[in-house]
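Peer 1: What follows is a structure written as structure tokens; I'll ask about it next.
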Amino acid sequence: MDLSRPTAPDPYPLLPPVPSFTLVSDDVAEGGRMGVEFSAAGGNISPHLRWSGFPRQARSFLVSCFDPDAPTPAGWWHWTVVDIDGTQSELERGAGQSDLTLPGAAYHCRHDGGGHGYMGAAPPRGDHVHRYVFAVHALDVDSLDADPDDSPTKVAITALFHTLARATLTATFQR
């Protein structure tokens, strides 16, 4: 394994610019290392997320987690939650376990591992530090009408055309 490969770019500055808002967590800090409980080896527990300062016009939210440093040309999607009601501003720790642990009509679309729910950090052993970008997109629609089996990339492209604003929080993990 080539451990000297260059770091992938932060994915969101490459998209058309939108206003930002605030995303924080009781479990992970911006630039900080995620605890093992948020990894695939530690239980696949999704961290707590809370957002504020989003546009009042937001009708729903999309939450995702993306690893741009995965050793693939396209990174790795770990989590995609759609149709979070526009009145919500928080996901509790462990909300990524199943659709039953999500608020209201929100549901999971599949992650790059093929399952539904949160897939914890799982960089290859000995690889460099990976970044996990948690993003919340404030959307101008009540529903993205996504199929739960849609790829996370398809969901992200659909959301791009409905994003009013975006907040990100980037944590790291290494095995």
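Peer 1: Taking the alpha-carbon centroid of each part, what is the distance from the range 1-63 to the range 112-141 in angstrom?
Peer 2: Here the two parts' Cα centres lie 8 Å apart.
Peer 1: Running a GNM on the chain with Cα contacts under 10 Å, which residue among Gly86, Gly126, Gly115 ends up with the highest mean-square fluctuation?
Peer 2: Answer for the Gaussian network model of the chain: Gly126.
Peer 1: With every protein chain present, what is the per residue accessible area of the chain (1.4 Å probe, Å²)?
Peer 2: 47
Peer 1: A follow-up question, please. Taking a quarter of the surface of the convex hull around the Cα atoms of the chain, what do you get in nm²?
Peer 2: Orientation-averaged projected area of the Cα hull: 9.1 nm².
Peer 1: Let me ask something else about it. Pick out which of Asp149, Asp112, Asp85 has the largest mean-square fluctuation in a Gaussian network model of the chain, springs linking Cα atoms closer than 10 Å.
Peer 2: Per the Cα network of the chain with a 10 Å cutoff, Asp149 tops the list.
Peer 1: Can you divide the C-alpha Rg of the range 1-60 by 2.2 N^0.38 Å and report the result to two decimal places?
Peer 2: Here the answer is 1.51, to two decimals.
Peer 1: Here's another thing I want to ask about it. Whenever you get a sec, compute what percent of the accessible area on the range 2-142 sits on carbon and sulfur atoms (1.4 Å probe).
Peer 2: Taking all protein chains in place, the range 2-142 shows 55 percent carbon and sulfur surface.
Peer 1: Turning to a different aspect of this structure: Express the relative contact order of the range 1-86 as a whole percentage, based on alpha carbon pairs under 8 Å and six or more residues apart in sequence.
Peer 2: 24
The values are calculated or read from the model by the stated rules, or taken from the named source; none is laboratory data. If you're wondering where the values come from, they're calculated on a predicted model, not measured in any experiment. We work out accessible area using only protein heavy atoms, side chains counted, and drop any ligands, DNA or RNA first. Shrake-Rupley method; radii C 1.70, N 1.55, O 1.52, S 1.80 Å.
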